[in-house]
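Read through the structure below, which is laid out as structure tokens, and then see the notes.
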Amino acid sequence: MNFPSKLIEDAVHEISLLPGIGKKTALRLVLHLLKQSENHTENLTHALNKLRKEIRYCEQCHHISETQICQICTGVKRDKSIICVVEDIPDVMAIENTGQYSGLYHVLGGILSPIHGIGPEQLKIDSLEKRILETNADQKVREVILALPSTMEGDTTAFYITRKLKPLNIKLSTIARGIPIGGELEFTDEVTLGRSILTRVNYSLD
């Protein structure tokens, strides 16, 4: 790709390093920014610099936060007896958007993947165990929900955590995996269909 300016080339290169953005998309973004006012570009730069310097992670659940402990962990309406374990931050956002969960979270920061050199030491598994052990009687954790990817790595991570937490005598559950609303059986893969049958629930007219 030929560029009319080294400045544009450098900007395109940096933007194309973002996930899901190729050189052509990056070029469109750069040319769009050039058409905007200088104030607009400065505001964008300021916001990104402030984000990078001031954002932090909750010391309790490892979710993005602007304070030592995030708003979810300190929320008075949150059920502190339940912790939902997720792979990464986008999973917290996805579950929160459903409006169906009011407990706490624990972000692992990834899943076990020996091929990619990710072992238990690289994840926030020990801090999860410590967090459960340090809760007092009024805020005792009674259930841990494993909301991890339906992959071999996700299942391996869930198995490891289950073995790790089993001696703590708390309820361990996993999110239901089945056929999506509006899905057709003939187009559903065998693993999903099999799990849907194995984890079937009672049918009620109520």
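How high is the FRET efficiency between Ser113 and Ala47 when r is their beta carbon distance and R₀ equals 35 Å, given to the nearest 0.05? Intermediate values should be presented prior to the final figure.
Numbers: r = 33 Å, r/R0 = 0.94.
Calculated value: 0.60.
Of all alpha-carbon pairs in the stretch 64-174, indicate the percentage at a distance above 23 angstrom. Pairs farther apart than 23 Å: 25 percent.
Proximity of backbone amide H atoms, modeled 1.01 Å from N, is registered between Thr174 and Leu146 at under 5 Å, excluding neighbours fewer than 5 places apart on the same chain.
Pairs of Cα atoms nearer than 8 Å and 6+ residues apart set the relative contact order; for the chain it is 13 percent. How high is the FRET efficiency between Arg177 and Arg56 when r is their beta carbon distance and R₀ equals 30 Å, given to the nearest 0.05? About 0.35, to the nearest 0.05.
Mind checking the angle between helix 152-165 and the chain's longest principal axis? C-alpha axes, 0 to 90 degrees, to the nearest 10. Approximately 50 degrees, to the nearest 10. Check the straight Cα-Cα distances from Lys24 and name the lysines below 25 Å, setting aside those fewer than 8 residues away within the same chain. Here the lysines satisfying the reach criterion relative to Lys24 are Lys6, Lys35.
With Cα atoms as the point set, the radius of gyration and Dmax of the chain evaluate to 22.0, 68 Å.
What pairs from Lys50/Lys171; Lys53/Lys171; Lys53/Lys166; Lys53/Lys164; Lys77/Lys124 go past 29 Å between their alpha carbons?
Working: Lys50/Lys171 41 Å; Lys53/Lys171 39 Å; Lys53/Lys166 39 Å; Lys53/Lys164 35 Å; Lys77/Lys124 25 Å.
Pairs exceeding 29 Å: Lys50/Lys171; Lys53/Lys171; Lys53/Lys166; Lys53/Lys164.
Expected output is a single nm value to one decimal: the length gained when fully extending between Thr74 and Lys35, i.e. 0.36 nm times separation in residues minus the C-alpha distance. What is it?
Stretched out fully, the Thr74 to Lys35 stretch lengthens by 9.7 nm.
Give the shape of the stretch 6-54 as rounded, prolate or oblate, defined through the alpha-carbon gyration tensor: a ≥ b ≥ c are the square roots of its eigenvalues, a/c under 1.5 means rounded, and otherwise the shape is prolate if a/b is larger than b/c and oblate if not. Note, shape of the stretch 6-54 comes out oblate. Beta bridges from DSSP with both residues in the chain: antiparallel share about 20 percent, rounded to the nearest 5. Compared with the dominant Cα axis of the chain, that is its longest principal axis, helix 6-16 is turned about 10°.
Read the figures in this text as sums done on the coordinates, not as results from a lab. Keep in mind it's a predicted model, so treat the numbers as computed, not measured. Note: ideal-geometry Cβ built from the backbone for every residue, glycine included; neighbour counts use all protein chains shown.
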